Amino acid sequence: MESEARERAALLAFFLPLTRRTCEELAVGDETVAAYLADVLAEFARSDRLYRIRAPDGRRLTSVVEMLSFTRDLPGWEAERAFHRYLGDYTLFMSGLFRPFVERDGHLGWYLSEGASAYGRVAYLGGEVRRERVLYGDLSSRFEHYAGALDYLRKVRFPGLSGPDPIKAFLREIAGVIGGPSRN
């Protein structure tokens, strides 16, 4: 647990300056959005976090369509909110950092639409903190801008991610940040 906390702190320390610079250069978002983008990158720097939704048989779901097919089985609004946050984060991550991979099969427009919708649902389901509702509303309404910012970040900082296995390339790229080979 302590090593995971150190790993996450190292990843945030690596990604936050990159997302801040990207948001500044593109004039999108603010410090809160830059921090959120860094958090998404740090969260999905491990494949077990990227593909954490599972089918009833235990199989990891890697398709947005498959993930959406399980929304009717969510037990209550908190689980629904957590699911939609994950879906928004996943589609933001994939349509931003792995845009060529998503475009390859012609799914970019759909990812952008589903991601914006997912964050809109998170904002609607809200919770107690107004600041979070405002953040998720902004992520929903400007989803395409923030996905574009991550695409720009990929082009500038991670140009090797457009190869045949971009996720593996990303994990290799950040392995040094977390102290050696990735544990994915």
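When the gyration tensor of segment 30-116 is built from Cα positions, what are the square roots of 5 times its three eigenvalues, in whole Å, from largest to smallest? All intermediate terms of the calculation are to be shown ahead of the outcome.
On the way: eigenvalues 83, 56, 34 Å².
Working from the Cα gyration tensor, I get semi-axes of 20, 17, 13 Å.
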With every protein chain kept in place and a 1.4 Å probe, the chain has an accessible area per residue in Å² of 51 Å²
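Compute, for segment 1-48, the length of the dipole vector about the Cα centre, with Cβ point charges of +1 (Lys, Arg) and -1 (Asp, Glu) only. Units Debye, rounded to 20. Before the final figure, lay out each step's value.
Values: 5 positive and 10 negative charges, 25 e Å.
Charge dipole of segment 1-48: 120 debye, to the nearest 20.
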Cα gyration tensor of segment 80-145 diagonalised, 5x eigenvalues square-rooted, in angstrom largest first, produces semi-axes 23, 10, 8
Chymotrypsin sites (Phe, Trp or Tyr not before Pro) in segment 5-89 lying in a DSSP loop, each with at most 16 other Cβ atoms within 10 Å of its Cβ, come to 70
Rounded to two decimals, the Debye log10 I(q)/I(0) of the chain (Cα scatterers, no solvent) at q = 0.18 Å⁻¹ is -1.32
Dividing the mean separation of Cα pairs under 8 Å (6+ apart) by the residue count of the chain yields a relative contact order in percent of 23 percent
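In segment 28-80, which trypsin sites (Lys or Arg not before Pro) fall in coil by DSSP and have 14 or fewer other Cβ atoms within 10 Å? Walk me through the intermediate numbers first.
On the way: sites: 46, 49, 52, 54, 59, 60, 72; in loops: 46, 52, 59.
Here the trypsin sites (Lys or Arg not before Pro) that fit, given the DSSP loop and packing criteria, are 52, 59.
Taking all protein chains in place and a 1.4 Å probe, what share, in percent, of the accessible surface of the chain do carbon and sulfur account for? Can you show the working numbers first?
Numbers: 4850 of 9390 Å².
Looking at the chain in its full context, I get 52 percent from C and S.
The values are calculated or read from the model by the stated rules, or taken from the named source; none is laboratory data. Bear in mind that the values here come from a model prediction, so they are computed numbers and not experimental data. Cβ sites come from the backbone with ideal geometry, for glycine too, and all protein chains shown count toward neighbours. Ligands, DNA and RNA are stripped out before the accessible areas are found, and what is left, the full protein with its side chains, is counted by its heavy atoms. Shrake-Rupley method; radii C 1.70, N 1.55, O 1.52, S 1.80 Å.
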